[in-house]
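Trainee: Below is a structure I'd like to ask you about.
The values are calculated or read from the model by the stated rules, or taken from the named source; none is laboratory data. Just so we're clear, the structure is a prediction, and the values are computed from it rather than from any experiment. Cβ placement follows ideal geometry from the backbone for every residue including glycine, while neighbour counts extend to all protein chains displayed. When the accessible area is computed, the model is the full protein with side chains, heavy atoms only, and any ligands, DNA or RNA have been set aside. Shrake-Rupley method; radii C 1.70, N 1.55, O 1.52, S 1.80 Å.
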Amino acid sequence: QVQLVESGGGLVQAGESLRLSCVASGFIFRINVMGWYRQAPGKQREVIADISSSGSTKYAESVKGRFTISRDNAKNTVYLQMNSLKPEDTAVYYCATGFQSDSSFMRPTFWGQGTQVTVSS
């Protein structure tokens with residue numbers, strides 16, 4: 001069965017950095033698109049970034065230039081490096097896999113359990 005396990009969340013101050021990790025199992029990681037989403041209290045879940053099987057990346061405007069998604073196919077792991085964090089980045093961050101799209105963000109079909117990121121001002 002597909003499993004996605006996130007880690008790396010925590011409490012940081014504005015301007016600091018965090019790196020999230022997501023270890024995948026139960027499917028052929030290297031041929032699948034991977035993505036990061038987040039959900040803040042009272043808001044809908046939103047896409048942050050995705051990375052295709054070939055390594056092409058897409059980013060939401062709100063994080064472009066601050067966040068970097070990457071993948072290590074040998075470790076079945078996708079990362080989200082988050083720099084210059086802001087209080088508005090506070091949310092639960094989810095890893096996902098699903099269907100790749102060339103023209104828009106991926107369509108997620110499986111989710112991890114999420115990891116909390118809190119940014120204090």
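Yes/no matrix, rows are residues, columns are (1) touching a Ser or Thr at 6+ places or on another chain (Cβ under 7 Å); (2) surrounded by 15 or more Cβ atoms within 10 Å (Cβ to Cβ); (3) under 10 Å from residue 34 (Cβ atoms):
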residue: 48; (1), (2), (3): no, yes, no
residue: 51; (1), (2), (3): yes, yes, yes
residue: 56; (1), (2), (3): no, no, no
residue: 59; (1), (2), (3): no, yes, no
residue: 64; (1), (2), (3): no, no, no
residue: 68; (1), (2), (3): no, yes, no
residue: 74; (1), (2), (3): no, no, no
residue: 81; (1), (2), (3): yes, no, no
residue: 87; (1), (2), (3): yes, no, no
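Trainee: Based on this model, can you work out whether residue 1 counts as surrounded by fewer than 20 Cβ atoms within 10 Å (Cβ to Cβ) and part of a loop (DSSP other than H, G, I, E, B)?
Mentor: yes
Trainee: Shifting gears a bit: Tell me, please, whether a residue that is touching a residue at least 12 places away in the same chain (Cβ under 8 Å), touching a Phe, Trp or Tyr at 6+ places or on another chain (Cβ under 6 Å) and closer than 18 Å to residue 19 by Cβ can be found in segment 80-92.
Mentor: Yes; the residues of segment 80-92 include at least one that is touching a residue at least 12 places away in the same chain (Cβ under 8 Å), touching a Phe, Trp or Tyr at 6+ places or on another chain (Cβ under 6 Å) and closer than 18 Å to residue 19 by Cβ.
Trainee: Being β-branched (Val, Ile, Thr) and open to solvent by less than 10 Å² (accessible area, probe 1.4 Å) is the filter here; which residues of segment 27-46 pass it?
Mentor: Of everything in segment 27-46, just one residue is β-branched (Val, Ile, Thr) and open to solvent by less than 10 Å² (accessible area, probe 1.4 Å), namely 33.
Trainee: If I filter segment 8-26 down to residues being open to solvent by 60 Å² or more (accessible area, probe 1.4 Å) and not in a loop (DSSP other than H, G, I, E, B), which single residue comes out as farthest from residue 65 (Cα to Cα)?
Mentor: 23
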